Amino acid sequence: MGAGGRRVSYAELDAYGDRLRATLDCTGGFYSEHEWEGCLVARLLPVRAGATIRVRSTTGYERHFPAQEADQLLLATRIDGVPLSAGNGFPVRLVAPDRRGFWWVKWITSVELDERPYWLQLPFPLH
């Protein structure tokens, strides 16, 4: 996975062991609370005022977040102590506490800083 212009391996992300308890709240009425484990985005990106964190999936899907949320966003490699399944986003998925499920990007390929304001994106995906 690419992060801030460098390659970061799955093993490196997994080794950080940052943990977060968060509820995945999907728009279809499903929700579940889990302990997620991996690496906080703040460990990988230097936070700059006014910057945006762009998280991109292998599918091309992406979401943008205010850079000041970097210490709350987790690049998860595990759920409840076990590696993520493919359906849950293996190898890496974003955990974005207090945001709906469509913000929780699965199958992440890159995390980068961007100058485009995060609020320019659509409030929810259209497809």
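The values are calculated or read from the model by the stated rules, or taken from the named source; none is laboratory data. Bear in mind that the values here come from a model prediction, so they are computed numbers and not experimental data. Counting neighbours? That spans all protein chains shown, and the Cβs are built from the backbone with ideal geometry, glycine included.
With respect to TYR118, determine if the residue is closer than 24 Å to VAL47 by Cβ, out of contact with any Ser or Thr (no Cβ under 9 Å at 6 or more places or on another chain), surrounded by fewer than 20 Cβ atoms within 10 Å (Cβ to Cβ) and at pLDDT below 95.
Values: closer than 24 Å to VAL47 by Cβ: yes; out of contact with any Ser or Thr (no Cβ under 9 Å at 6 or more places or on another chain): no; surrounded by fewer than 20 Cβ atoms within 10 Å (Cβ to Cβ): yes; at pLDDT below 95: yes.
It is false that TYR118 is closer than 24 Å to VAL47 by Cβ, out of contact with any Ser or Thr (no Cβ under 9 Å at 6 or more places or on another chain), surrounded by fewer than 20 Cβ atoms within 10 Å (Cβ to Cβ) and at pLDDT below 95.
Check off (1) of a type in the set (Val, Ile, Thr); (2) under 14 Å from VAL111 (Cα atoms); (3) not in a loop (DSSP other than H, G, I, E, B) for THR77 and give me the number that stays unchecked.
THR77 satisfies every listed condition except (2).
Look at ALA42 and say whether it is more than 15 Å from GLY4 (Cα to Cα), touching a residue at least 24 places away in the same chain (Cβ under 8 Å), surrounded by 15 or more Cβ atoms within 10 Å (Cβ to Cβ) and hydrophobic (A, V, I, L, M, F, W, C). Spell out the reasoning first.
Details: more than 15 Å from GLY4 (Cα to Cα): no; touching a residue at least 24 places away in the same chain (Cβ under 8 Å): yes; surrounded by 15 or more Cβ atoms within 10 Å (Cβ to Cβ): yes; hydrophobic (A, V, I, L, M, F, W, C): yes.
It is false that ALA42 is more than 15 Å from GLY4 (Cα to Cα), touching a residue at least 24 places away in the same chain (Cβ under 8 Å), surrounded by 15 or more Cβ atoms within 10 Å (Cβ to Cβ) and hydrophobic (A, V, I, L, M, F, W, C).
Would segment 2-22 turn up any residue that is of a type in the set (A, V, I, L, M), in contact with a Cys (Cβ under 7 Å, 6 or more places away or on another chain) and surrounded by 13 or more Cβ atoms within 10 Å (Cβ to Cβ)?
Here is the first cut: in segment 2-22, the residues of a type in the set (A, V, I, L, M) are 3, 8, 11, 13, 15, 20, 22.
Okay, now just the ones that are also in contact with a Cys (Cβ under 7 Å, 6 or more places away or on another chain), so 13.
If we keep only those that are surrounded by 13 or more Cβ atoms within 10 Å (Cβ to Cβ) as well, we get 13.
So far as segment 2-22 goes, yes, one or more of its residues are of a type in the set (A, V, I, L, M), in contact with a Cys (Cβ under 7 Å, 6 or more places away or on another chain) and surrounded by 13 or more Cβ atoms within 10 Å (Cβ to Cβ).
State which residue is farthest from the chain's Cα centre (by Cα) when the search covers only segment 85-127 and only residues that are within 24 Å of ARG7 (Cα to Cα) and among the aromatic types (Phe, Trp, Tyr). Show your work before the answer.
Filtering segment 85-127 for residues within 24 Å of ARG7 (Cα to Cα) gives 85-96, 103-116, 118.
Subset that is among the aromatic types (Phe, Trp, Tyr): 90, 103-104, 107, 118.
Numbers: PHE90: 12, TRP103: 8, TRP104: 6, TRP107: 9, TYR118: 14 Å.
Ranking the candidates gives TYR118 first.
Among the residues of segment 61-68, are any assigned to a loop (DSSP other than H, G, I, E, B) and either of a type in the set (A, V, I, L, M, F, W, C) or at positive phi (or both)? Give the steps one after another, and end with the answer.
Let us first name the residues in segment 61-68 that are assigned to a loop (DSSP other than H, G, I, E, B), namely 61.
From what's left, either of a type in the set (A, V, I, L, M, F, W, C) or at positive phi (or both): none.
No, because not a single residue in segment 61-68 is assigned to a loop (DSSP other than H, G, I, E, B) and either of a type in the set (A, V, I, L, M, F, W, C) or at positive phi (or both).
Considering only segment 26-39, how many residues are in contact with a helix residue (DSSP H, G or I) (Cβ under 9 Å, 6 or more places away or on another chain), surrounded by fewer than 18 Cβ atoms within 10 Å (Cβ to Cβ) and part of a strand (DSSP E or B)?
Taking segment 26-39 and keeping what is in contact with a helix residue (DSSP H, G or I) (Cβ under 9 Å, 6 or more places away or on another chain), we get 26-28, 30-31, 37-39.
Among the residues that remain, those that are also surrounded by fewer than 18 Cβ atoms within 10 Å (Cβ to Cβ) are: 26-28, 30-31.
Next cut, part of a strand (DSSP E or B) only: 31.
Qualifying residue count, segment 26-39: 1.
Could you please tell me which pairs satisfy a Cβ distance under 8 Å, a separation of 6+ or placement on different chains, a first residue in segment 46-64 that is closer than 15 Å to TYR118 by Cα, and a second residue that is of a type in the set (Phe, Trp, Tyr) and surrounded by fewer than 17 Cβ atoms within 10 Å (Cβ to Cβ)?
Pairs that qualify, where the first residue is closer than 15 Å to TYR118 by Cα and the partner is of a type in the set (Phe, Trp, Tyr) and surrounded by fewer than 17 Cβ atoms within 10 Å (Cβ to Cβ), are THR52/TYR118; ILE53/TYR118; ARG63/PHE102; HIS64/TYR118.
Would you mind finding the one in PRO91, PRO97 that is in contact (Cβ under 8 Å) with a residue 24 or more places away in the chain, touching a helix residue (DSSP H, G or I) at 6+ places or on another chain (Cβ under 9 Å) and part of a loop (DSSP other than H, G, I, E, B)? Give the derivation first.
Details: PRO97 fails: touching a helix residue (DSSP H, G or I) at 6+ places or on another chain (Cβ under 9 Å).
PRO91 is the lone residue from the list that is in contact (Cβ under 8 Å) with a residue 24 or more places away in the chain, touching a helix residue (DSSP H, G or I) at 6+ places or on another chain (Cβ under 9 Å) and part of a loop (DSSP other than H, G, I, E, B).
Restricting to segment 65-74, and then to whatever is hydrophobic (A, V, I, L, M, F, W, C) and either modelled with pLDDT of 95 or more or under 11 Å from the mean Cα position of the chain (by Cα) (or both), can you tell me which residue is farthest from LYS106 (Cα to Cα)? Step through it out loud before you land on a result.
Of all residues in segment 65-74, those hydrophobic (A, V, I, L, M, F, W, C) come to 65, 67, 70, 73-74.
Still in the running and either modelled with pLDDT of 95 or more or under 11 Å from the mean Cα position of the chain (by Cα) (or both): 65, 70, 73-74.
On the way: PHE65: 15, ALA70: 17, LEU73: 13, LEU74: 12 Å.
Filtering segment 65-74 for residues that are hydrophobic (A, V, I, L, M, F, W, C) and either modelled with pLDDT of 95 or more or under 11 Å from the mean Cα position of the chain (by Cα) (or both), the one farthest from LYS106 (Cα to Cα) comes out as ALA70.
I'd like the residue in segment 45-58 that is assigned to a loop (DSSP other than H, G, I, E, B) and crowded, with 18+ Cβ neighbours inside 10 Å and, out of all such residues, is nearest to the chain's Cα centre (by Cα). Quick ask: steps written out before the conclusion?
Restricting attention to segment 45-58, the residues satisfying the condition of being assigned to a loop (DSSP other than H, G, I, E, B) are 45-51, 58.
Filter once more, keeping what is crowded, with 18+ Cβ neighbours inside 10 Å: 45, 51.
Numbers: LEU45: 13, ALA51: 16 Å.
The extreme case among them is LEU45.
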